[in-house]
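Report on one structure; see the data block that follows.
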Amino acid sequence: MSGRPFRRTTLTTIKALGGWSAILARIASGETMASIARDLGCSRQYLSQLLHENIEIADLFSQAQRDAAAALAEEAMQILDDVPAERDEIAKAKARAEHRKWLASVYDRKTFGEPDKQAHVNISIGQLHLDALRAQPMPLPAPPKQLTSGADSAPILDVVPSPTSEVITWP
């Protein structure tokens, strides 16, 4: 690491502040990455890069963000509970609480995010038509049964006249 003095300095500062566990605890409490990076003397992006280099630390970071979502939701509730009964203060508190609610939904979409209300259905008429053409043809219905009369054994077709056929009457 002799060619990376800034990295070495940042990691030394992290170790002096209590290591990754202290950084992750600050994230879990709802503190912003920007303020933590400011304390470390680096950019937010560089801190994020350091957090995501190691898979174990990245997994702990994801858990810390989920914990931060709960902390932000609690903080939003506290802001609304402690607001004075003045019109401007109520509007400001509402905006602050809404922002924390939004952050919580970003950090933990499963718990605090809005459910997906749209059903996703894709219908392709062309594909349905091709599938119908490729389908096996249905077998034809069986021919009518042939009955035999007793004495002469001539076949008699078992045909039922349709209700729409004409009826012939004799005069």
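Bear in mind that the values in this text are calculations on the coordinates, not laboratory data. Being a predicted model, the structure only gives us computed values, none of them experimental. So basically every Cβ, Gly included, is an ideal-geometry build from the backbone, and we count neighbours across all protein chains shown.
How large is Rg over Rh for segment 5-111, taking Rg from the Cα atoms and Rh as the Kirkwood inverse mean of 1/r across Cα pairs?
Using only Cα positions, Rg/Rh for segment 5-111 is 1.07.
Distance from the Cα centre of segment 49-113 to that of segment 115-134, in angstrom?
Comparing the Cα centres of segment 49-113 and segment 115-134, I get a distance of 39 Å.
Suppose every Lys and Arg Cβ carries +1 and every Asp and Glu Cβ carries -1, with no other charges. What dipole size does segment 5-111 come out with about its Cα centre, to the nearest 20 debye? Let's see the in-between values first.
Values: 15 positive and 15 negative charges, 86 e Å.
In debye, rounded to 20, segment 5-111 gives about 420.
Any idea how far apart LEU140 and TYR46 come out in nm if each label point goes 7 Å out from Cα toward Cβ?
Output for this residue pair reads 8.4 nm.
If packing is taken as the average count of other Cβ atoms within 10 Å, what order do 136-142, 31-37, 76-82 fall into, highest mean first?
Details: 136-142: 5.7, 31-37: 15.6, 76-82: 13.9.
Per-residue mean Cβ counts within 10 Å order the peptides as 31-37, 76-82, 136-142.
Tabulate in residue order the Karplus-calculated ³J(HN,Hα) for segment 51-60, using 6.51 cos²θ - 1.76 cosθ + 1.60 with θ = phi - 60°, rounded to whole Hz; enter x for Gly and Pro.
Once rounded to whole Hz, the list reads 5, 9, 5, 9, 5, 5, 5, 5, 5, 5.
Report the number of Lys pairs in segment 2-126 whose alpha-carbons are under 29 Å apart, with separation of 8 or more residues or on distinct chains.
6
For labels at HIS129 and ASP39 in the simple 7 Å Cα→Cβ model, what's the distance in nm?
6.6
Could you work out the relative contact order of segment 5-111, using alpha carbon pairs under 8 angstrom and six or more residues apart, expressed as a whole percent?
Answer for segment 5-111 is 24 percent.
Out of the trypsin sites (Lys or Arg not before Pro) in segment 65-119, which ones are loop residues according to DSSP with at most 16 other C-beta atoms within 10 Å?
LYS117
Which FRET efficiency, nearest 0.05, do ASN122 and ALA91 yield, Cβ-Cβ r, R0 35 Å?
Values: r = 43 Å, r/R0 = 1.24.
Efficiency, rounded to the nearest 0.05: 0.20.
Which FRET efficiency, nearest 0.05, do THR13 and ARG109 yield, Cβ-Cβ r, R0 35 Å?
E between THR13 and ARG109, to the nearest 0.05, is 0.65.
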